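Worksheet for the structure shown next.
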Amino acid sequence: MNDGYFRVTRSATYGFLSALPLLLLYETMILVANRATGTGVRVGAEVWIKQVLQYLGPYPMVAIGIVVIGIGVAVIVAERPKKLPLRGDYFGGIVLESAVYAVVVAIIVSQIVGLLVRPGLIAQSDLSFGLFTNLALSIGAGLYEELVFRVMLVGGMFWLLQKTAVNSKAAYVGVAIIGALIFSWVHYVGVYGDAFTVGSFMFRFLFGLALNVIFLVRGFGVAAWTHALYDVFVVTHLFGLLR
């Protein structure tokens, strides 16, 4: 990987295009999973987005398609003057880079939480839905949670703070911490919320903090794939093998 790779893949164009496979995979897999089990399970962040989009019409999937196309066109047109090269190996690099981040961040966060609260905590997941459904939810969480918590929340807060007299470095630190606290807290809210423990809250806070840094430094695509691959590694018990 070279400087050109890191500069180009941080762009919104690469972020949008690299996230499309996650969207297609999730929507296909969750549709198959729900039909097979007769359930209607979905990622919480996706439900929030669709609740907003329902005001655009009675067909949320059509609305999402229109929004996705609109965002894609806007991003590509806005960054067209940059003449970004679209290279297949760069997209492969995003996946590989994200896989490395997923493993390294999980291990580092686990070590920190282990020293402070609970040794051996590296990953938690509710596997009651079955492997295929959990794989679909893992991919969906990587996409929709990063869209809500990183792009909308962290990106929005950072944009607002940049418009004030706040120092850019202070803005980075402030929004990263606030975003990570909110990201961790929402996992305990609602009917499907997890039981609160200090260890799991701290793990999610630190993991969210790492994702915030990845998003601010490397962009949406890498953050989304890091989150998705981390969750996939959890439900497939890969972290247990790494131990």
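The values are calculated or read from the model by the stated rules, or taken from the named source; none is laboratory data. Everything numeric here is computed off the predicted structure, so don't read it as measured data. Note: ideal-geometry Cβ built from the backbone for every residue, glycine included; neighbour counts use all protein chains shown.
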Original post:
Taking segment 175-214 on its own, how many of its residues are surrounded by fewer than 18 Cβ atoms within 10 Å (Cβ to Cβ) and more than 29 Å from LYS163 (Cβ to Cβ)?
Top reply: 12
Original post:
Conditions: (1) at pLDDT 85 or above; (2) crowded, with 16+ Cβ neighbours inside 10 Å. ALA63 meets all but one. Number of the miss?
Top reply: (1)
**OP:** Search segment 24-38 for residues that are touching a residue at least 40 places away in the same chain (Cβ under 8 Å) and pair each with any residue that is surrounded by 15 or more Cβ atoms within 10 Å (Cβ to Cβ) and among the polar types (S, T, N, Q) when their beta-carbon atoms are under 6 Å apart and the residues are at least 6 apart or on different chains.
**Re:** ALA33/THR133
**OP:** Could you name every one of the helices (runs of 4 or more DSSP H) located completely within segment 1-108 that has at least 2 residues being hydrophobic (A, V, I, L, M, F, W, C) and closer than 20 Å to LEU137 by Cβ?
**Re:** 12-37, 44-53, 60-79
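For every residue, the table says whether it meets (1) closer than 21 Å to ASP231 by Cα; (2) hydroxyl-bearing (Ser, Thr, Tyr).
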{"position": "GLY140", "(1), (2)": "yes, no"}
{"position": "TYR144", "(1), (2)": "yes, yes"}
{"position": "ARG150", "(1), (2)": "yes, no"}
{"position": "TRP159", "(1), (2)": "no, no"}
{"position": "LYS163", "(1), (2)": "no, no"}
{"position": "SER168", "(1), (2)": "no, yes"}
{"position": "GLY174", "(1), (2)": "no, no"}
Subject >> segment 109-120 - residue that is in contact with a helix residue (DSSP H, G or I) (Cβ under 8 Å, 6 or more places away or on another chain) and surrounded by fewer than 18 Cβ atoms within 10 Å (Cβ to Cβ) and, of those, modelled with the lowest pLDDT >> reply: GLY120
**OP:** Quickly run through segment 1-47 and pick out the residues that are of a type in the set (Ser, Thr, Tyr), buried (at least 18 other Cβ atoms within 10 Å of the Cβ) and under 12 Å from PHE132 (Cα atoms).
**Re:** TYR26
